[in-house]
Amino acid sequence: MRRPIVAGNWKMNTTRSEAEELVLAIRTLAAAAPTEVVVCPPYVWLELVSRALEGSNMKTGAQDVYWEDSGAFTGQVAVTQLVGMCEYVIVGHSERRRLFGDTDEIVARKVAACMGAGLIPILAVGEDAGDHAEEVVRRQVTTALAGVTPHPLVAAYEPVWAIGTGDAAIPEYAQWVATVIRDELRIAGFDPQTVPVLYGGSVNPENFPGFVAQPDIDGGLVGGVSLDARKFATLVEQASTAAY
């Protein structure tokens, strides 16, 4: 059985004091859950959050990474700089693709860099409004995993049109896309039944049970709600209840 995962992407939010208060609250409310809980703060608070979670079963994740180990790349962060501070890295988020020009090929480089350093990529894929979901998702997964040796991986379906809009996908539709993702994982040489597939996009405690009730959805990659410790802990509990 795949262990459920709920990952909170804080994006460019929280001051230092807010980050410390939030992570301690999440640890108090959610650390005992059987669900894998991953907290993804801004880079500047990654060490603070990592230290705050020491001794718990919760994990930390980075929101992005660069594919070179070092060099003259102003403002970038390498996998070698993340090792020891986090276990997961979000790669391919639609905001990175849309706002910062991350192409499918760039995402593939980042996935390979994470795997080479022993970090677990959370590969985010998803279509924009008007796109054909299956075509886009298959292309994104295929390109991201081309040439890599199977390695621990998490996939996240995040339809671009649902992120930050308040309009989540229909759970049954997300389930169908999850099966498409698993098919592409199989083609890429991964065991599709061992890779967790998450849903993200306007997730909240009211709609999340419908997603984690689906057989191929193992949790969530959560944005805004992850900034509210009680609501985030509710999602963790819902994922745990659905899985066990």
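Only the coordinates and a few stated rules stand behind these numbers; no lab work does. As the structure is a computational prediction, the values presented were derived from the model and not from experiment. In this analysis, Cβ positions are derived from the backbone assuming ideal geometry, glycine residues included, and neighbour counts consider all displayed protein chains.
Here's the yes/no breakdown for (1) part of a loop (DSSP other than H, G, I, E, B); (2) among the aromatic types (Phe, Trp, Tyr); (3) under 17 Å from the mean Cα position of the chain (by Cα):
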{"position": "Ile90", "(1), (2), (3)": "no, no, yes"}
{"position": "Arg96", "(1), (2), (3)": "no, no, yes"}
{"position": "Leu99", "(1), (2), (3)": "no, no, no"}
{"position": "Asp102", "(1), (2), (3)": "yes, no, yes"}
{"position": "Lys110", "(1), (2), (3)": "no, no, yes"}
{"position": "Met115", "(1), (2), (3)": "no, no, yes"}
{"position": "Pro121", "(1), (2), (3)": "no, no, yes"}
Can we say Ser226 is in contact (Cβ under 8 Å) with a residue 60 or more places away in the chain, in contact with a Gly (Cβ under 6 Å, 6 or more places away or on another chain), polar (S, T, N, Q) and closer than 29 Å to Glu20 by Cα?
yes
Checking Phe232 against (1) under 21 Å from Gly92 (Cβ atoms); (2) in contact with a helix residue (DSSP H, G or I) (Cβ under 8 Å, 6 or more places away or on another chain); (3) crowded, with 19+ Cβ neighbours inside 10 Å; (4) among the hydrophobic types (A, V, I, L, M, F, W, C), only one condition comes out false. Which one?
(1)
Single condition Arg138 does not satisfy, out of (1) part of a helix (DSSP H, G or I); (2) under 16 Å from the mean Cα position of the chain (by Cα)
(2)
The lone condition Val180 fails out of (1) in contact with a Gly (Cβ under 7 Å, 6 or more places away or on another chain); (2) in a helix (DSSP H, G or I) is (1)
Identify all residues within the range 187-209 that are crowded, with 19+ Cβ neighbours inside 10 Å and part of a helix (DSSP H, G or I); write none if there are none.
Phe208
